[in-house]
Amino acid sequence: MNAKNNQCPMQNGNAEILLSYCARSLEAEQVAQIEQHLTACAECRAWAAEQQTVWAAMDAWEAEPVSADFDAALFARIASTEQPSVWQRWTEPVRQFLQGGLGWRPVLSAGALALTLVVALSIENPFRTEPVGQTVKLEAQEIEQAERALEDLEMLRQLEPPEEETSL
Amino acid sequence: MMIRILIALGVVAMGLWAQPPAQQARALEKLRRMAPEERERALQDMPPVRRRIMEQRLDRWNRMAPARKQRLQGSFENFRQMKPEQQENLRGLVRKFNETMPTEKRVDGRRALTHLRKLDPEGRKKFLATPRMKDRFSDGERELLAEMAQNMPD
């Protein structure tokens with residue numbers, strides 16, 4: 001009985017090995033040990049059966065196919081819900097400032113930085129006469145944003161389990 | 001009073017200056033929809049190496065299976081909900097993972113990460129202390145995996 005208890009994951013607080021067993025991520029040797037233990041331990045057997053029901057349900061679940069324009073619709077929705085209105089962008093810092101939500105120190109720093117930028121921009125190349133290509137500027141900015149998004153997506157891809165590589 | 005008004009104006013200017021992160025997703029979608037020759041023109045001024053990397057990533061994204069793409073978009077959204085300093089921290093950790101973890105260990109590292117994310121902090125500690133994990137990963141590598149699991153988005 002003691003020997004059984006010593007090996008029992010539920011008794012010795014090692015339930016994650018049972019979790020790994022149910023997730024089929026254990027080595028064959030460990031699987032054999034757990035299966036041998038399950039024949040003798042009703043508590044673990046019941047726990048594992050419950051877990052396996054969950055896994056079976058997850059295996060049986062199939063994602064709904066997504067439409068061809070899924071990406072476009074999703075990104076458009078993100079953009080529409082998260083883009084604050086011009087009014088909000090104008091009023092939010094003022095609202096926070098007036099409500100005392102911002103302390104003096106960050107306000108002073110931000111103000112000084114903004115003034116510095118305004119001055120720097122106003123004195124940059126004062127003799128330039130040709131118009132600045134607004135569209136080109138925007139495109140360059142957007143390319144950087146897209147590059148950043150791709151970089152982050154790549155990072156998140158790398159964090160996925162290697163088994164997902166089969167779906168590219 | 002004048003100073004206060006100037007400071008308030010400064011703060012408003014900073015608010016306008018800030019780039020909402022949704023613009024990243026919109027810019028990516030715009031780039032993705034461009035005709036090849038249009039994209040070629042848009043990217044022509046980029047440094048060649050950066051451009052090649054970006055094109056490879058865009059191509060990989062375009063070819064990705066819809067289910068996986070959907071899952072990654074979910075992760076991307078969760079990632080964007082994180083504070084900028086948390087995002088930067090995670091970027092740094094992944095960079096460290098790629099730079100310090102030997103190639104042959106990275107697959108196991110990613111498997112371990114997947115498992116670690118399912119566990120609570122106590123479970124993580126126990127899992128990282130198992131002989132198998134100790135045999136496979138150095139102390140520093142296990143610490144890195146723990147930190148990554150803790151900082152990854154859902």
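The values are calculated or read from the model by the stated rules, or taken from the named source; none is laboratory data. Remember, predicted model here, so these are calculated numbers, not experimental data. Cβ placement follows ideal geometry from the backbone for every residue including glycine, while neighbour counts extend to all protein chains displayed. Areas reflect the complete protein model, heavy atoms only, side chains present, ligands, DNA and RNA absent. Shrake-Rupley method; radii C 1.70, N 1.55, O 1.52, S 1.80 Å.
Observations
- In this structure, B:F79 qualifies as among the aromatic types (F, W, Y), closer than 30 Å to A:L113 by Cα and at pLDDT 80 or above.
- Pair list, Cβ < 6 Å and 6+ apart or interchain, from the range A:26-46 residues that are closer than 20 Å to B:H115 by Cβ to residues that are aliphatic (A, V, I, L, M) and assigned to a helix (DSSP H, G or I): A:C44/A:L38
- Residue count for the range B:80-96, restricted to those that are open to solvent by less than 40 Å² (accessible area, probe 1.4 Å) and either free of Cβ contacts under 8 Å to residues at least 40 places away in the same chain or in contact with a helix residue (DSSP H, G or I) (Cβ under 6 Å, 6 or more places away or on another chain) (or both): 6
- Tabulated pairs, the range B:64-76, first of a type in the set (S, T, Y), second not in a helix (DSSP H, G or I), C-beta under 7 angstrom, 6+ apart or interchain: B:S75/B:P153
- Note on the range B:60-76: residues that are at the interface with chain A (Cβ under 7 Å from one of its Cβ atoms), open to solvent by less than 40 Å² (accessible area, probe 1.4 Å) and either more than 12 Å from B:R32 (Cβ to Cβ) or out of contact with any helix residue (DSSP H, G or I) (no Cβ under 9 Å at 6 or more places or on another chain) (or both) total 6.
- Considering residues of the range B:26-41 that are among the hydrophobic types (A, V, I, L, M, F, W, C) and at the interface with another protein chain (Cβ under 9 Å from one of its Cβ atoms) only, the residue farthest from the chain's Cα centre (by Cα): B:L31
- Positions within the range B:123-145 being away from every other protein chain (no Cβ under 14 Å), over 21 Å from A:P9 (Cβ atoms) and part of a helix (DSSP H, G or I), in sequence order: B:D139, B:G140, B:E141, B:R142, B:E143
- Residue match in the range B:42-59 (condition: in contact (Cβ under 8 Å) with a residue 12 or more places away in the chain, surrounded by fewer than 19 Cβ atoms within 10 Å (Cβ to Cβ) and at the interface with chain A (Cβ under 9 Å from one of its Cβ atoms)): no
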